[in-house]
Each structure stands twice: as C-alpha cells, then as structure tokens.
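A short write-up of the structure that comes next.
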Amino acid sequence: MTALLLISLFVIFSALGLPLAFCMGITATAGLLFSGFGSPAVAAQRIFAGMNSYALLALPLFLLAGNILVAGGVINRLVVFADLLVGRVRGGLAQVNVLSNLMMAGVSGSATADTAALGSVMVPMMSARGYAPTFAAALTTSAGIVAPILPPSLIMVIYAIPTRISIGALFLAGVVPALLMSAAFMAYVRYACRHHPLSEKRESAQGLARATIHALPVLMAPVLLVGGIRGGVFTATEAAAVLVAYALALTMVLHRSLKLSELVGILHDSALTTASIMLMIGTSSIFAWYLAIEDVPQATRALLDAATDNRYVFLLIVNVFLLLVGCVLDTVPAILIFVPILQPAAVAFGIDPVHFAIIVIVNLMVGVNTPPIGTNLLVISGIAGLRVGSVTRALLPFYAVKVAALMVITYVPFISLWLPRYLGFGP
C-alpha cells in the first residue's frame, strides 16, 4: 500500500512538471522515511553509490567525443561520401539521409545529436530537391534512432550500470540490429521514392576517391573501438578516452576544423549534459532500491507469471508496454526505472540479458519519435519549422517499418547475439 501511494505521488510530481530526477529522489526518500527503512543520510549515501561506478567514466567521455566530432564538421564529409555512394539511385538523397545517419551513429552515440545535426543539413537539402519537407523530417528523425543501437552508444553505457552487463557485449550486440534497421529504412525509401526523378549529377573517380579519403578517418572510429575492445587493448571504459583523443586528433590536427577556443564551449555543454544524466542515475538508484524493498520486482514477476508462462507472449507484452512507456517517458529514466524490474523477469523466462537489452533499447528508440514526449520528434519539428502533427502523420509508415524490424529483432535472438558470441562475449 505504501509503495502504491508513493508511486502515485511520483506520477503527480511528473504531471506537475518536476524534473524526473527529483521525482524519483523525493519519492524514494519519502518512502524510506515513511516505512522506517532509512534516513536522509542513508538516502544520500545510496544516491552517491548509484553514481560511484567505474563504468560510468565512459559516459562523459563518449559524450565529449561525439560533441567534438560534430563540432569539427564531420557531418559534411559523411554526407558528401554518402551522396557519392547512393546518391545516383532513385530517391538517392533520401538514401543518403539514411546512410549518413548510420555513419554518424558510429561516432555520436546519441539519437538526438544525430537528428539535430543532420536535420539542419538534410531537411533543407531534400526540400530543395523536390522532397516533401514532412517526409524529409520524418526520414531524418527515424533514421537517427540507430545511433544508440550502434556503438559507441551512450544509452548502452547507462543500461549496463543497473544490469552489470558487459558494455563491450552490448556494443557488439547492437551492430547487426542497427544495420538491419537502416536496411529496412532504405528498402522503404526505395519503395516510397520509386517515382522520384533520378539525379543527373555525376562524379569522377577522383572525386569519389577524395571523398572516401576525407570520410575514412571518421568511419574508422567505431572500428577502432570494437577492434580495441575485442583485442584486449583497452576496456570499454578506456575506449571512451581513446575516442576523445582520436576525435581531438582528427578535428584539431588532421582536418584543423576545430579551434582551441571552441573546445571550451564543447566541454561546458558536455559537462552540463553529463551532470543532468548523473543526477538521474543517482536518484534512480535509490528509487530502484526502494522498489526492491517493497517487493515491486517480485510482484511484477508474479503478475507476469499469472499472465503467461510463454516467453514469446512475455516478449510481446514487454514490447507493447515499452512502446507505450516510450511515448510518455524519455529513454534514460525509462531504462533506470523499468529495467531493474523487467530484466530479472526476462532472465527467469530464459531470455539472454544481452538480447533483452537490445529489445528494450530498440523499443525506447521508437518512443523518441512518438508524441507526446518524443524528444527527436520535437527537435526535428523545431529545426524544420513544421508542426508536430504534420511530421507525425508523415511518420506513420516509418512506425510500421520500425515495429516490423523490432519484431524481427525480438523473435530472432541470433541477430543480436551472433556477433558478441562470435567475438568471444558470452556463451
């Protein structure tokens, strides 16, 4: 009863617009005090313990590396390279959009960063070439969801904290699903743009070689990370520091596209983002601890056991639930609140934790494009100067593509587990 009352309090605080970090912290602390399980000092210690993790060192570093690469102008290099690869086919610029998002995902790790950075470039460019602005916006924000699925992924780093899953295993598990989703978008674009006129622009072999040389150092970043982790050269946490050094070398030494004076602003923005995420991680730790004390995970497992004893039905229930959660809750708090509850139930049903992690992340990535809270939907609408409703209508066929890809990823574990197992992560 106490847990129910305090969860209701959490919902009220959220509805009033209180930041979720404070909603979780206040609710959990009040619950501990009311039930006699703790004191303000214990609550403070638990919040600090939630943030005191070696693996979390990777979070600010991956975030910083992505911001450096974006500020250093890697977007234009990737767009030019993608245009030379697929720009000549029917609907070529739309295919360039998908491919550019995929390549950006390998360096940014953030769906919102990809959407904001590429949206400002691709939406005006596609509109100028005859594509509907709403279609361009919907495609950009849809293709951007592969960023947290492909390494390096900030969301995977956060996911690994409460579950204690290897970050390296999560990184590898996301590669094939990310490629699958991008291929699904490109297949839909091929169909949707089947009547779009072909581009008459042609590029010389020298131009293609030049664009490849310019883009190759950026494209090598995820290869460097995965290869280094798999080869035992560095851990996933140390890989974040390596990526920062690599990003600085590319932007300040090789390309000279980033000035030292600009680095101060990048550090400032990265620190603010890191601070807000860390506070949320800390308060979610005490929130999850309080829920465990009140036996909420066990009650949830009992409820699921009563609903079904079939793992496939369980996965369907989880998918529907997370798709709904993604509509009203941002990715980070959704992971920190619900994963400690759902992950033990998934393991009890015999589902591999790494596979389940990819299912959760893909579900919540669909949510970032879904009203009313969809972060990427709001970002792309603001950048394109379009109404959210107009972009949402253009997104409808993309939702079908994403859900279809999600179902394949959910019910074919091989897609997520093949690469990490082949490279020695897991049984």
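The values are calculated or read from the model by the stated rules, or taken from the named source; none is laboratory data. Remember, it's a predicted structure, so these values are computed and weren't measured experimentally. Please note: Cβ atoms are built from the backbone with ideal geometry, for glycine as well, and neighbour counts cover all protein chains shown.
Just to check your reading of the model, which residue among A178, A143 is at pLDDT 85 or above, in contact with a Ser or Thr (Cβ under 8 Å, 6 or more places away or on another chain), part of a helix (DSSP H, G or I) and among the hydrophobic types (A, V, I, L, M, F, W, C)?
A143
Scanning the stretch 318-350 for residues being among the β-branched types (V, I, T), surrounded by 17 or more Cβ atoms within 10 Å (Cβ to Cβ), within 21 Å of P371 (Cα to Cα) and modelled with pLDDT of 85 or more gives a total of 2.
Restricting to the stretch 14-64, and then to whatever is in a helix (DSSP H, G or I) and of a type in the set (S, T, N, Q), can you tell me which residue is surrounded by the most Cβ atoms within 10 Å (Cβ to Cβ)?
Among residues in the stretch 14-64 that are in a helix (DSSP H, G or I) and of a type in the set (S, T, N, Q), the one surrounded by the most Cβ atoms within 10 Å (Cβ to Cβ) is T27.
Within the stretch 408-427, if we keep just the residues that are touching a residue at least 60 places away in the same chain (Cβ under 8 Å), of a type outside the set (F, W, Y) and part of a helix (DSSP H, G or I), the residue that is surrounded by the most Cβ atoms within 10 Å (Cβ to Cβ) turns out to be S416. Among the residues making up the stretch 57-86, a single one is under 19 Å from I266 (Cβ atoms) and charged (D, E, K, R): R77. Among the residues making up the stretch 305-316, those that are assigned to a helix (DSSP H, G or I) and either among the basic types (K, R) or surrounded by fewer than 15 Cβ atoms within 10 Å (Cβ to Cβ) (or both) are D305, A306, A307, R311, Y312, V313.
Before we move on, is G72 touching a residue at least 24 places away in the same chain (Cβ under 8 Å) and not aromatic (F, W, Y)?
yes
Checking A184, A136 one by one, the residue that is surrounded by 22 or more Cβ atoms within 10 Å (Cβ to Cβ) and in a helix (DSSP H, G or I) is A136 and no other.
Remark: T274 falls outside the filter, which requires a residue to be out of contact with any helix residue (DSSP H, G or I) (no Cβ under 6 Å at 6 or more places or on another chain) and within 29 Å of F338 (Cβ to Cβ). For the stretch 354-375, what are the residues that are of a type in the set (S, T, N, Q) and either crowded, with 24+ Cβ neighbours inside 10 Å or under 17 Å from V401 (Cα atoms) (or both)? Within the stretch 354-375, N363, N369, T370 qualify. Among the candidates L258, L267, the residue that is assigned to a loop (DSSP other than H, G, I, E, B) and surrounded by fewer than 22 Cβ atoms within 10 Å (Cβ to Cβ) is uniquely L258.
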